[in-house]
Amino acid sequence: MPSAEPGWIQRLARGRVWRSIFRGEPPGTARGNAQAVFQNLWLHFLPVKVRPHTLRFTYTFYLGGIAFLLFLVLAATGVALMFYYVPSVERAYHSIKDLQFVVSFGPLLRNLHRWSAHAMVVVVVLHMARVYYTASYKAPREFNWVVGVMLLLLTLGFSFTGMLLPWDQAGFWAATVGTGIVGCLPVVGKEVRLLLLGGDSVGQNALLRFYVLHCMALPLAMASLTATHFWRIRKDGGLSLPPSQESMASEERVP
Ligand code: HEM
């Protein structure tokens, strides 16, 4: 038999100090738990209750969550890299060399950013495959699928723009070939290529534009679309069920 005595958390939560900081009922009751989630800045985007099936590791493999975690690692290491990297054709290559051979923990920082970037592309593609395999793109989640496609394009955009920044042969030729392909797009191709390069070929203007895209425009777009993606998961009734179970889905939810 569970004891009727309140635990130390409940006793603390009923105390005057706690109640002067946090409003609502103490956690432990169903209502208290719900209020704790609603009123917390970090927790409020999570549902208070979820369908048990969606918690299984083998349903989602946590791939979306891992992709988000990788994005956070990339943002943190990217900001640290900005303290060393100089986006000029004279200094870019040498600033990366300095990071690699002179700066303390520089290779660790660079490799964390580089390998997280490669991993993110793989994980996002796998996440997309999982969503497709479980038919989670179907109604009512069509809009979130479209948001997901944009997230995939942004992820690839990060890879493409990031590759030029070390200003080495691989990056230079990737940007030359990539913008060449963009230039072949019908109607707008030449204008978009000019917009990306700021000239006829890959040079200082292109390096600066790719840098601004990589460190400002794409992160802002990624952050706002990720927020939209998470918000849609909530509004679409939480995660999907496998197609075989969707028709007989119970409304059972667990806290
Ligand atoms: C930066 C990239 C992305 C991030 C951070 C992300 C994050 C997430 C997270 C955390 C979930 C919850 C379930 C899970 O972990 O699997 C999810 C679900 C979902 N994602 Fe993504 N995602 C990304 C890209 C994509 C892509 C490329 C697509 C498809 C084109 C997509 C479509 C969906 C859909 C439809 C759901 C709902 C799945 C369901 O209800 O079972 N996402 N996403």
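If we sort 181-188, 53-60, 239-246 on the protection proxy, mean other Cβ atoms within 10 Å, highest first, what's the order? All intermediate terms of the calculation are to be shown ahead of the outcome.
On the way: 181-188: 10.9, 53-60: 12.4, 239-246: 15.6.
Sorting 181-188, 53-60, 239-246 by mean packing, highest first, produces 239-246, 53-60, 181-188.
Per DSSP helix of 4 or more residues, -39500 (n - 2.57); summed, then divided by the residues of the chain. What does that give at 222 nm, rounded to the nearest 500? Before the final figure, lay out each step's value.
Working: 13 runs with 162 residues, N = 255.
Mean residue ellipticity, 222 nm, calculated: -20000 deg cm²/dmol.
Nearest 0.05, what FRET efficiency do N33 and R130 give at R0 = 30 Å with Cβ-Cβ as r? Spell out each step's value before the answer.
Working: r = 29 Å, r/R0 = 0.98.
Taking R0 as 30 Å, the efficiency between N33 and R130 is 0.55.
Under the rule of at least 5 residues apart or a separate chain, name every residue whose amide H is placed under 5 Å from the amide H of V50.
Answer set, sorted by chain and number: V254.
Taking the Cα centre of the chain as origin and charging only Cβ (+1 Lys, Arg; -1 Asp, Glu), how large is the dipole, in debye to the nearest 20?
800
How far apart, in nm, are two points set 7 Å out from the Cα along the Cα-to-Cβ line at W173 and at L194?
Here the modelled spin labels are 2.9 nm apart.
Within a 10 angstrom radius of the beta carbon, how do L220, L99, L164, L225 rank from fewest other beta carbons to most?
Working: L220 10, L99 20, L164 27, L225 16.
Lowest count first: L220, L225, L99, L164.
How far, in nm, would the chain grow between H118 and F45 when pulled straight, counting 0.36 nm per residue and subtracting the alpha carbon separation? Walk me through the intermediate numbers first.
Values: separation 73, 0.36 × 73 = 26.28 nm, distance 2.79 nm.
Residue separation times 0.36 nm, minus the Cα-Cα distance, leaves 23.5 nm.
Is the shape of segment 54-236 best called rounded, prolate or oblate, per the rule: a/c under 1.5 gives rounded, else a/b larger than b/c gives prolate, else oblate, with a ≥ b ≥ c the square roots of the Cα gyration tensor eigenvalues? Present the calculation step by step, with values, prior to reporting the outcome.
Values: a/c = 2.51, a/b = 1.43, b/c = 1.76.
Cα axes put segment 54-236 in the oblate bin.
K235: which aspartates and glutamates have alpha carbons under 20 Å from its alpha carbon, excluding same-chain residues fewer than 8 sequence positions away?
Cα-Cα hits under 20 Å: E142, E246, E251, E252.
Roughly how far apart, in whole Å, are the Cα centres of segment 117-183 and segment 1-42?
That distance is 43 Å.
Give the relative contact order (percent, whole number) for segment 54-236; include only Cα pairs under 8 Å separated by 6+ residues.
Details: 158 pairs, mean separation 42.3, N = 183.
Once normalised by length, the contact order is 23 percent.
Which of the DSSP-defined H helices in the chain satisfy a minimum axial length of 27 Å, computed from C-alpha atoms, and a minimum mean Kyte-Doolittle hydropathy of 0.5? Before the final figure, lay out each step's value.
Numbers: long enough: 63-82 (28 Å, 2.42); 106-133 (40 Å, 0.60); 142-164 (34 Å, 1.58).
Membrane-span-like by this criterion, though nothing is claimed about a membrane: 63-82, 106-133, 142-164.
Subtracting the Cα-Cα distance from 0.36 nm times the residue separation, let me have the gained length for R16 to Y137 in nm, one decimal. Intermediate values should be presented prior to the final figure.
Details: separation 121, 0.36 × 121 = 43.56 nm, distance 4.87 nm.
Once the chain is fully extended between R16 and Y137, it gains 38.7 nm.
All of the numbers you see were taken from the coordinates with simple rules; none came from a lab. Fair warning: this is a prediction, and the values are worked out from it, not measured in the lab. Cβ atoms come from the backbone with ideal geometry, glycine included; neighbour counts cover every protein chain shown.
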